[in-house]
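The values are calculated or read from the model by the stated rules, or taken from the named source; none is laboratory data. A quick note: this is a predicted structure, and the numbers were derived from the prediction, not measured. Cβ placement follows ideal geometry from the backbone for every residue including glycine, while neighbour counts extend to all protein chains displayed. Side chains included, ligands, DNA and RNA excluded: accessible areas come from the protein's heavy atoms. Shrake-Rupley method; radii C 1.70, N 1.55, O 1.52, S 1.80 Å.
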Amino acid sequence: MDVHDVTSGHFQQLANQKELLQQATKRRGQRPRDRKSREETYLRFMMARRQVLAKKESRHMLHTSFIPPAYLPSSTSLAELRAIFIRDLQLEIHHRGTYLILRAITPPYRLTSIVAIGEDEMGDAIMLQLYQQEQENVREATEVVDAGMILLIKEPYFKVTASGDYSVRVDHLSDIVHIESDDLMVPAGWRQRIIEIDRTAESLKLDGNAFVKQGKYWKAIKEYSAALLQPATPEEVEIIKRNRSLALLKTKQFDAALSDTGYPHFGSSPSEKALFRAAEALYFLGRFSESCTVLEDLGTNFQGNKQALALLARARNRVSEQETGQYNFNLLQAEAKGLCPPHIDHATYIGPVDIRKTVKKGRGMFVTKAVKAGDLILCEKAFAHAHVAENNKSNSRITVLMAIDTMKSYLGGQADLIRVIAQKLYRNPSLAPAFKKLHHREYETVSTSSVDSVPIVDTFLVERIMEINIFGCPLSSLDIHKDVMYNQAKESKKWDAHHSCGVWTFASYINHSCTSNARRSFIGDMMIVRATQDLQPDTEVTFWYHSPEGTSAKALQEKFKNWDFVCECDMCKVAGTTPATVVAQREEILKAMKCILDAEAGFQPAKLQHLINALDNTYTRAAHDVPRLLVWDPQLLIARCYITQLNPGKAIEAVGKVLVALGFVVVGADASSTGFTITKWGFAMDHLVEALLHARTAFNGLGKTAKAGQAEEYAKTMYRIVVGEDTSFAATHSAYL
Ligand SMILES: C[S@@+](CC[C@H](N)C(=O)[O-])C[C@H]1O[C@@H](n2cnc3c(N)ncnc32)[C@H](O)[C@@H]1O
């Protein structure tokens, strides 16, 4: 969403790739005559593999890869597909209605995809590129494809690669089927002839157990699944499934793990392990209250299970967070700091909002009851989050993915996220509806969600949804705030939006407005959305996709092109109609201000104020309708200056002007006995915390302690809005307090 648009940096590469694709498209339908022999294909691959493995030591590997034009995943049952062979494959064609069985003749290597060579029954060989597979630390490439393994590719896509070779490219996880060597689909010549007499359900289960002990969960699942195909008693089946559920949990296949426990029907004498694993699966699927119910049952039947009690306590905390929006924010901050990736274990709270249709912006989020500035609207756990450490980018291979269709490129975390989401949906189809409902323009995917009991995941749908709904995010808005406040920077340099990013499926319904009434902040992978103004029931909630601060109106509208809209808020409308002469006049005034500020002897506040007043006079609409973003910053310098000069009267006047410039309406920002009140909130900014703390100091200087207390309360509210919480307020601002 607000990730950097990196298209321009890779434009040339994208253009080259597009050109290559156009050349390849001219060969569409051809059966290449220069396809290499099995031996040559093998030798060339092994040489390339050696080179890739040798480079592995280099920490900063940049992998560039291209997302081809979108094509649909196979949604046809295997029974309805017919076999095809490598020699029948036509270039740039998706061979609908067919399947290709390949036996790997090489070990794999990894680039952005997992690559290996496969042969078919006719003895021909071809390169196989498998995309969106887990990273090596999660699942070794050799568990996906390795010499001797047999893979069935549904409706194969045969293409010319960037280097001019030929390959079968698989983008959809559901288009690959692993086939056991004794399966009847396997060519007779490859089929395992010797019937292993000891491959009983029991022996396979024991093999599975041994793999679990070694932490080889994918292998264990394979053994347990094979065991379940052998004759076994209902009791044996139950035990094998229960064991498999553990391996499924470890590989984050929570839907399947839950199903293996028998949930919700555990039988007349439920097993302690089955109950516990069901509760764990429910917990990780975010079904916390169901998890509690199962754990309470477990506690009744099996007392003293410490693990179960600990999980119950966690699940109850999650339910409380979900229901009340009360979080231990100190804990959240500490957890996010201590974890890499910062995926913290907390639940989503959805405040008083619902999703409705808007007139011009598709769906939007609306408050259902009155909300005050600073109130929590959402505290949402990321659906998916990809983290690249801010201070150490080498924790991830840097991947650049370029989509030829949309001419968009994804860098680092953004590129990782496509894989992370595709995997999550494939492993846990029950979580797919919330993601698939998100806005994705006109892209039409297949109507079925599973075939042959396998979930269908359309990688291109994932990419289209991500393109619109991804948010770049810092590890902690608190760090950004501290940086802005104590380095007195206008913007934090720590914000490098394409490092970390995520998708938050609920927050994704929030539309943009430059004059927004909510603001998001982050603690690890939790997004916190708070109201920045008092909102009446039925008000649409909006936040910035890009802050209008420090960006020209034209540049801002340019950024919104990524989302296909033109912002029509009052600020944009006014910016669009401001005469060029006025824009030039403002630039002249800003230049004059810079001269004053650059003067070595320090600046004269009165002179600067004179220029600020001139700048103010170039605006025609009232600031509370259309905030004056050029004015607040120099005005804050003046406030700081008067605070240092111990001139509280002038300081509070300057703070009042900062607030007014940002669209606030305030009463009592002076030495009078009228209470200090914000009657309308304006732009929410980190620096307003400082401004309001200066107000507090100034009021104290004037002996107005009640007004000082109110200013501090407002500073705390603004802090809560920009940081997400206010439990760290005193520690952060001890210098001011
Ligand atoms: C993250 S989605 C927001 C939810 C979306 N409106 C929906 O129906 O799912 C972003 C998309 O919402 C629409 N949108 C957001 N802000 C808008 C605005 N200020 N004006 C017009 N359309 C907007 C654009 O279509 C944009 O691509």
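Any idea what the relative contact order of the stretch 504-563 is, in percent, if you count C-alpha pairs under 8 Å spaced at least 6 apart? All intermediate terms of the calculation are to be shown ahead of the outcome.
Working: 57 pairs, mean separation 20.9, N = 60.
Computed value for the stretch 504-563: 35 percent relative contact order.
Need the list of lysines near K241 for cross-linking: C-alpha distance under 25 angstrom, and skip anything on the same chain fewer than eight residues off.
Cross-link targets: K205, K213, K216, K219, K222, K250, K252, K273, K306, K424.
Could you work out the relative contact order of the chain? I mean the mean sequence separation of Cα pairs under 8 Å and 6+ apart, divided by the number of residues, in percent. Spell out each step's value before the answer.
Values: 1309 pairs, mean separation 84.4, N = 737.
Relative contact order here is 11 percent.
Which angle between 0 and 90 degrees, to the nearest 10, do you get for helix 306-324 versus the longest principal axis of the chain when only C-alpha atoms count?
The answer is roughly 50 degrees.
Looking at the stretch 578-732, I'd like the Rg to Rh ratio, where Rg is from alpha-carbon atoms and Rh is Kirkwood's inverse mean 1/r. Intermediate values should be presented prior to the final figure.
Working: Rg = 15.8 Å, Rh = 16.1 Å.
Ratio value, two decimals: 0.98.
Taking the 0 to 90 degree range and rounding to the nearest ten, how far is the long axis of helix 11-26 tilted relative to the main principal axis of the chain, both from C-alpha atoms?
30 degrees
Which order do the peptides 174-186, 399-411, 520-532 come out in when sorted by mean C-beta neighbours inside 10 angstrom, highest first?
Working: 174-186: 16.2, 399-411: 20.4, 520-532: 25.7.
Sorting 174-186, 399-411, 520-532 by mean packing, highest first, produces 520-532, 399-411, 174-186.
Over the stretch 8-190, average the accessible area per residue using a 1.4 Å probe and give it in Å², no decimals. Let's see the in-between values first.
Numbers: 8650 Å² over 183 residues.
Per-residue accessible area for the stretch 8-190 comes out at 47 Å².
Helix 329-338 against the longest principal axis of the chain: what's the angle in degrees, Cα atoms only, rounded to the nearest 10?
The angle comes out at about 50 degrees.
How large is the Kirkwood hydrodynamic radius of the stretch 255-335, counting all unique pairs of alpha carbons, in Å?
Details: mean 1/r = 0.0759 Å⁻¹.
Answer for the stretch 255-335: a Kirkwood hydrodynamic radius of 13.2 Å.
Give the cross-link partners of K573 among the lysines, using a straight C-alpha distance below 21 Å as the criterion and excluding same-chain residues fewer than 8 apart.
The reachable lysines, counting only those whose Cα sits under 21 Å from K573, are K360, K361, K554, K559, K561.
Can you work out the FRET efficiency for the pair D146 and A334, with r the C-beta to C-beta distance and R0 = 35 Å, to the nearest 0.05?
Once the sixth-power term is evaluated, E becomes 0.25.
For the stretch 639-737, report the accessible area per residue in Å² (1.4 Å probe, heavy atoms, rounded to an integer).
On the way: 3450 Å² over 99 residues.
Accessible area per residue: 35 Å².
Counting only protein heavy atoms, what percent of the accessible surface of the stretch 233-332 is carbon or sulfur at a 1.4 Å probe? Please list the in-between numbers first.
Working: 2510 of 5110 Å².
Roughly 49 percent, rounded to a whole number.
Heavy-atom accessible area per residue, the stretch 500-550, 1.4 Å probe: how many Å²? Write out the running numbers ahead of the final one.
On the way: 1070 Å² over 51 residues.
For the stretch 500-550, the per-residue accessible area is 21 Å².
Suppose a student asked you for the relative contact order of the stretch 578-732, using Cα pairs under 8 Å spaced at least 6 residues apart; what percent would you report? Walk me through the intermediate numbers first.
Numbers: 210 pairs, mean separation 25.0, N = 155.
Computed over the stretch 578-732, the figure is 16 percent.
So between Q30 and E296, what do we pick up on full extension, going 0.36 nm a residue minus the alpha carbon distance? Each step should come with its number before you reach the end.
Numbers: separation 266, 0.36 × 266 = 95.76 nm, distance 6.36 nm.
Extra length from Q30 to E296 when fully extended: 89.4 nm.
Using a Förster radius of 30 Å, what is the FRET efficiency between N617 and T679 based on their Cβ-Cβ separation? Nearest 0.05, please. Walk me through the numbers on the way to the answer.
Values: r = 24 Å, r/R0 = 0.81.
Here the calculated transfer efficiency is 0.80.
With θ set to phi - 60° and the Karplus curve 6.51 cos²θ - 1.76 cosθ + 1.60, what are the ³J(HN,Hα) couplings of the stretch 273-281 in order, to the nearest whole Hz, using x for Gly and Pro?
In residue order, the calculated couplings are 5, 4, 4, 5, 5, 4, 5, 5, 4 Hz.
Could you work out how much longer the chain between Q585 and A83 gets when fully extended? Use 0.36 nm per residue separation minus the Cα distance between them, nm to one decimal. Walk me through the numbers before you get to the answer.
Values: separation 502, 0.36 × 502 = 180.72 nm, distance 7.31 nm.
Here the segment from Q585 to A83 would lengthen by 173.4 nm.
Dimensions of the chain along principal axes (Cα, Å, largest first)?
That works out to 97, 69, 49 Å along the principal axes.
Using a Cα distance threshold of under 21 Å, what count of lysine pairs results for the stretch 578-732 when pairs must be 8 or more residues apart or interchain?
16
Could you work out how far apart the two model spin labels at Q90 and D255 are, taking each label as a point 7 Å from the Cα in the direction of the beta carbon, and quote it in nm?
Using points 7 Å along Cα→Cβ, the separation is 3.4 nm.
What is the count of Lys pairs in the stretch 11-170 whose alpha carbons sit under 27 Å apart, if the two are 8 or more places apart or on different chains?
Step by step, the pairs that qualify in the stretch 11-170 add up to 12.
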